[in-house]
1. Are any of the pairs K56/K156; K89/K165; K42/K149; K83/K149; K55/K167; K69/K180 more than 22 Å apart by Cα-Cα distance, and if so, which?
2. Around P79, with a cut-off of 15 angstrom between Cβ atoms, what is the net charge of the other residues, counting Lys and Arg +1 and Asp and Glu -1?
3. Run the simple label-point estimate for K146 and D65 please: 7 Å along Cα→C-beta, distance reported in nm.
4. Residue by residue through the range 101-117, which ³J(HN,Hα) values in whole Hz follow from phi under the Karplus form 6.51 cos²θ - 1.76 cosθ + 1.60 (θ = phi - 60°), with glycine and proline marked x?
5. With label points built 7 Å along Cα→Cβ from the Cα atoms of K205 and W154, find their separation and express it in nm.
6. Within the range 105-124, list the residues whose amide N lies under 19 Å from a label point set 7 Å along Cα→Cβ of M133.
7. For S138, what is the net charge nearby, where nearby means another residue's Cβ is under 11 Å from its Cβ and Lys, Arg count +1, Asp, Glu -1?
8. Arrange the following residues from fewest to most other Cβ atoms within 10 Å of their Cβ: I200, I130.
Amino acid sequence: MKNAFIRLSVIAIAAMIAFNSGSAQETKKSKAKMPSQEEMMKRWADAMTPGEAHKKLEQFVGTWDVEAKVWMNGPKGEPSVSKGTAEYKLALGGRFLQQEFSGEMMGQPMNGVGYTGYDNFGKKYVSFWIDNMSTAMSTMEGTMDKEGKTLTLWGKMDEPATGEKGKKVKYVTRVVDTDKHVFETYDVTAYGDKLPVMVITYTRK
């Protein structure tokens, strides 16, 4: 019994030594992988500096007349048509495009604010939208084509009217020309991504 106890003790000590040795090696590896102070500063500068992806957002700057069509009963029905105006401007040193909307939506007064930018580190376009017709914040992310003509974003949406949560939504902005662009919303969960449930047309004033 005594010899068995001694053997177990030796095994336990050996295991602890091996564990500590392994932990020390992992710590050394972690330290070895850490970039230098100069490299970290460079990476931070790269992440925070606006680039070509941000310049593609400049084409939206200006004041626009807005017409919104919303298909409340599905994309094959008759849409509700609303009017409004929108102003786009660059914010925070060109890092974000800010939109302020004022008008109506489905017969109700509406005011909204949205920001769109490009996340250098995440390598993706990001956006969020808030307005007086909801207490929720819509967030989305995605890509833009090389020509800067189509911005495709994806997000999730809750539907208070039906009680649904986390519905998959696709948002597409198509640039027609310098004086016109169209924003489309697709309720992917309910109707797929072929027919939009909302189309907002922006015409430059």
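1. Details: K56/K156 25 Å; K89/K165 32 Å; K42/K149 31 Å; K83/K149 24 Å; K55/K167 31 Å; K69/K180 16 Å.
The pairs that break the limit, which is 22 Å between Cα atoms, are K56/K156; K89/K165; K42/K149; K83/K149; K55/K167.
2. On the way: positive: K69, K76, K83; negative: E67, E78, E104, E184, D187.
So the surrounding residues net to -2.
3. 3.7
4. Using θ = phi - 60°, the values come out as 10, 9, x, 9, 8, 6, x, 10, x, 9, 10, x, 9, x, 10, 10, x Hz.
5. According to this spin-label approximation, the distance is 3.7 nm.
6. 105-115
7. Numbers: positive: K156; negative: D131, D158.
Summing Lys/Arg as +1 and Asp/Glu as -1 gives -1.
8. Numbers: I200 22, I130 15.
Neighbour counts put them in this order, fewest first: I130, I200.
Quick note: the coordinates plus some simple rules give every number you see, no bench work behind them. Predicted model, so just to flag it, every value in this text is computed and none were measured. Using ideal geometry, Cβ is built from the backbone for each residue, glycine included, and neighbour counts are taken over all protein chains shown.
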